[in-house]
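Worksheet for the structure shown next.
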Amino acid sequence: MDQEARPSVVIATMEEQHGYFIDELKPGMTDVYVRTVTETDIVQYSQVSGDDNPLHVNEEFAKQTIFKGRIAHGMLTCGYISAVLGTKLPGPGCAYLNQNLNFRAPVRVGDTVQTRVTIKDVDNETNNVVTEVVCSIGEKIVIDGSATLWVPNRRKKD
């Protein structure tokens with residue numbers, strides 16, 4: 001392969017690729033991610049996680065449960081929270097410290113989940129941010145809770 005045909009590698013600094021820095025975050029800031037759950041999502045999540053509970057992957061089994069059919073993995077839906085936190089608010093560079101969740105209702109193939117993250121508290125001393133997280137299908141809340149993250153400071157110029 002000649003030099004021109006090779007893909008280039010992009011090296012980005014924190015400043016070029018970061019999300020918000022701790023000093024940019026304020027209570028009330030909100031961001032949203034919307035995704036429709038597909039059959040492929042459930043199958044791939046089952047394969048990647050190793051969770052092949054028949055409640056998620058076997059319709060005949062799931063019909064015999066309280067849910068009367070297959071439901072998505074709860075942690076698949078929680079992944080949408082991670083998508084907001086890691087890519088939007090606070091965004092790249094933040095790290096999970098903890099998460100508390102309440103699973104309120106099932107999510108099924110074809111459901112469109114709206115995930116909303118709202119900044120509740122910012123601690124500039126510890127670089128910790130507390131967020132409220134809500135996943136809903138229409139007006140119905142399917143997951144709610146909170147997540148605490150560490151968010152980086154701006155790098156000082158040498």
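The values are calculated or read from the model by the stated rules, or taken from the named source; none is laboratory data. From a predicted model like this one, the values you see are computed outputs, not experimental measurements. Counting neighbours? That spans all protein chains shown, and the Cβs are built from the backbone with ideal geometry, glycine included.
Starting from region 16-38, keep only residues that are among the charged types (D, E, K, R), then list their pairs with residues that are surrounded by 14 or more Cβ atoms within 10 Å (Cβ to Cβ) whose Cβ atoms are within a distance under 7 Å, requiring at least 6 positions of separation or different chains.
Sorted first by the residue in region 16-38, then by its partner, the pairs are LYS26/ILE119; LYS26/VAL122; ASP31/VAL84; ASP31/LYS88; ASP31/LEU89; ASP31/VAL117; ARG35/TYR80; ARG35/VAL113.
Those residues that are charged (D, E, K, R) and more than 17 Å from GLY91 (Cβ to Cβ), I need them from region 133-154; list them, please.
We begin by selecting, within region 133-154, every residue charged (D, E, K, R); these are 139-140, 144, 154.
Matches in region 133-154: GLU139, LYS140, ASP144.
Output the helices (runs of 4 or more DSSP H) that fall wholly within region 1-77 and possess 3 or more residues being at pLDDT 95 or above and either among the charged types (D, E, K, R) or in contact with a Gly (Cβ under 7 Å, 6 or more places away or on another chain) (or both), or say none.
Numbers: elements: 14-17, 39-49, 54-57, 59-63.
Helices (runs of 4 or more DSSP H) meeting the threshold: 59-63.
Select, from ILE66, ILE42, ILE81, the only residue that is closer than 30 Å to PRO152 by Cβ and not basic (Lys, Arg). Even if it seems obvious, please write down each step before you answer.
Numbers: ILE66 fails: closer than 30 Å to PRO152 by Cβ; ILE42 fails: closer than 30 Å to PRO152 by Cβ.
The conditions single out ILE81.
If I filter region 121-150 down to residues being more than 24 Å from LEU76 (Cα to Cα) and in contact (Cβ under 8 Å) with a residue 40 or more places away in the chain, which single residue comes out as farthest from the chain's Cα centre (by Cα)? So that I can check it myself, show each step before the final result.
Taking region 121-150 and keeping what is more than 24 Å from LEU76 (Cα to Cα), we get 121-128.
Retained after the next criterion (residues that are in contact (Cβ under 8 Å) with a residue 40 or more places away in the chain): 121-122, 124, 127.
Values: ASP121: 19, VAL122: 19, ASN124: 23, ASN127: 20 Å.
This residue is ASN124.
For region 59-110, enumerate the residues that are within 16 Å of TRP150 (Cβ to Cβ), among the aliphatic types (A, V, I, L, M) and loosely packed, with under 15 Cβ neighbours inside 10 Å.
Within region 59-110, ALA95, LEU97 meet the criteria.
Is at least one residue of region 111-123 in contact with a His (Cβ under 8 Å, 6 or more places away or on another chain) and either surrounded by 15 or more Cβ atoms within 10 Å (Cβ to Cβ) or under 17 Å from ILE42 (Cβ atoms) (or both)?
no
Any idea which of (1) closer than 21 Å to VAL34 by Cα; (2) at pLDDT 95 or above; (3) not hydroxyl-bearing (Ser, Thr, Tyr) is the one GLY91 doesn't satisfy?
So the condition that GLY91 fails would be (2).
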